[in-house]
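None of the figures in this text is laboratory data; all of them are computed from the coordinates on show. Source: prediction; values computed, not measured. Heads up, the Cβs are rebuilt from the backbone with ideal geometry, glycines too, and the neighbour counts pull from every protein chain shown.
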Amino acid sequence: MTRSDLNRVQIYLRKTFGHPDITLKAGRTRDGMAEVMLGDEFIGTLHRDEDEGEVSFTLTMSILEEDLPELPNIAPQPVAPARPVVVEQKRPRRVAKS
């Protein structure tokens with residue numbers, strides 16, 4: 001991963017998450033992984049992938065259960081079932097014979 005890649009992704013992450021303290025540190029491994037930091041805290045890894053000339057970046061973030069807040073005792077809300085997508089098909093026009 002180039003320094004330019006790191007700078008561009010860092011700008012993107014800061015803008016997307018609205019947090020100026022997100023920084024990327026080049027990893028010391030051969031696979032080009034970078035560490036994603038929030039201030040002094042390690043929050044994830046970034047990997048670069050190139051396939052058939054297209055470049056993408058994958059952000060992996062692990063969240064420990066012990067870091068999650070407790071939820072108040074509220075009855076769980078049912079999840080609405082997904083609605084099927086209906087695609088209308090146009091009927092071919094009939095051309096009047098002359």
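The table below gives the values:
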item	result
Exposure rule at most 13 other beta-carbon atoms within 10 Å, DSSP loop GluC sites (Glu not before Pro): the chain longest free segment	1-51
Exposure proxy order (Cβ contacts within 10 Å, fewest to most) of 61, 37	61, 37
Linear extension gain, residue 74 paired with residue 16, 0.36 nm per residue minus alpha-carbon span	17.8 nm
Integer Hz, Karplus 6.51/-1.76/1.60 couplings in order for segment 9-15, x for Gly and Pro	5, 4, 4, 4, 5, 4, 5
Gaussian network model of the chain, Cα within-10 Å springs - most flexible of 39, 27, 53	53
J(HN,Hα) series, segment 67-77, from Karplus relation 6.51 cos²θ - 1.76 cosθ + 1.60, nearest Hz, glycine and proline x	8, 7, x, 6, 8, x, 6, 10, 4, x, 8
For the chain, built as a Gaussian network whose Cα springs stay under 10 Å, the top-fluctuating residue of 36, 55, 85	85
Exposure proxy ranking, count of Cβ atoms within 10 Å, fewest first, for 6, 38, 46, 68	68, 38, 6, 46
Cβ-placed point charges (K, R +1; D, E -1), dipole of the chain about Cα centre in debye, nearest 20	1300 debye
Relative contact order of the chain, pairs being alpha-carbon contacts under 8 Å that are 6 or more residues apart, as %	13 percent
Residues whose placed amide H lies under 5 Å from that of residue 44, excluding near-sequence neighbours	36
Estimated FRET transfer efficiency when R0 is 41 angstrom, pair residue 51-residue 82 (beta carbons, to 0.05)	0.85
Cα gyration tensor shape of the chain, rounded if a/c is under 1.5, else prolate or oblate by comparing a/b with b/c	oblate
Cβ-based exposure ranking for 57, 42, in which fewest neighbours within 10 Å come first	42, 57
Value at 222 nm in deg cm²/dmol, rounded to 500, when DSSP H runs of n ≥ 4 in the chain each add -39,500 (n - 2.57)	-5000 deg cm²/dmol
